[in-house]
Amino acid sequence: MAIVKEMNSKFGLTLSYHRIVAFNINYALKKAVLCVASYYTKEARKNHSVPLEEVDIEIPLDDYPLFLNSNPLEQGYLWLKNNVEGFEDSIDDLDVIEEPTIIEEQPRGESIE
């Protein structure tokens, strides 16, 4: 999933494809942080271009409960569109460009061959 919306970067470039690339929830501190990567276009993302901008956005404590008992990525996109200037009136892009890499944990004491 991603958000399609033309926005100016801090370098003055117009970036139009934005996706959450990392999400961190600290349950002990009740803190959540989204990392949003922005690309020139969707085609640039499909071609595995490096994002031109990455921004960490801390979720305010009052909004932290929104991320409990929900899909944090879906809630993250919804939160961005409702709370971050520039993301209002954006379009959801539901295309899956690539499947996420899943890293399986190995039991302690076993090696990966």
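Here's a check for you: in the stretch 33-63, which residue that is in contact (Cβ under 8 Å) with a residue 12 or more places away in the chain and among the polar types (S, T, N, Q) is surrounded by the most Cβ atoms within 10 Å (Cβ to Cβ)?
Ranking the qualifying residues of the stretch 33-63, first place goes to S38.
Tell me, which residue of the stretch 64-99 that is of a type in the set (G, A, S) and surrounded by 17 or more Cβ atoms within 10 Å (Cβ to Cβ) is modelled with the lowest pLDDT?
The initial filter retains those residues of the stretch 64-99 that are of a type in the set (G, A, S), namely 70, 76, 86, 90.
Imposing the further condition that a residue be surrounded by 17 or more Cβ atoms within 10 Å (Cβ to Cβ) reduces the set to 76, 90.
Details: G76: 94, S90: 89.
Among them, the one singled out is S90.
Yes or no: the stretch 41-54 includes at least one residue that is acidic (D, E) and under 16 Å from the mean Cα position of the chain (by Cα). Show your work before the answer.
Taking the stretch 41-54 first, the residues acidic (D, E) are 43, 53-54.
Among the residues that remain, those that are also under 16 Å from the mean Cα position of the chain (by Cα) are: 53-54.
Yes.
Give the stretch 51-73 a look and list any residue that's of a type in the set (D, E, K, R) and under 17 Å from M1 (Cα atoms), or say none.
Scanning the stretch 51-73 gives a single hit, E54.
Taking S9 as the residue in question, decide whether it is more than 10 Å from the chain's Cα centre (by Cα) and surrounded by fewer than 16 Cβ atoms within 10 Å (Cβ to Cβ).
yes
Mind listing whichever residues of the stretch 12-29 are in a strand (DSSP E or B), more than 15 Å from the chain's Cα centre (by Cα) and of a type in the set (S, T, Y)?
Selection gives T14 alone.
Going by the structure shown, is K30 in contact (Cβ under 8 Å) with a residue 12 or more places away in the chain, more than 19 Å from D93 (Cβ to Cβ) and touching a Phe, Trp or Tyr at 6+ places or on another chain (Cβ under 6 Å)?
Yes.
The values are calculated or read from the model by the stated rules, or taken from the named source; none is laboratory data. All values reported here derive from a predicted model rather than from experimental measurement. Cβ sites come from the backbone with ideal geometry, for glycine too, and all protein chains shown count toward neighbours.
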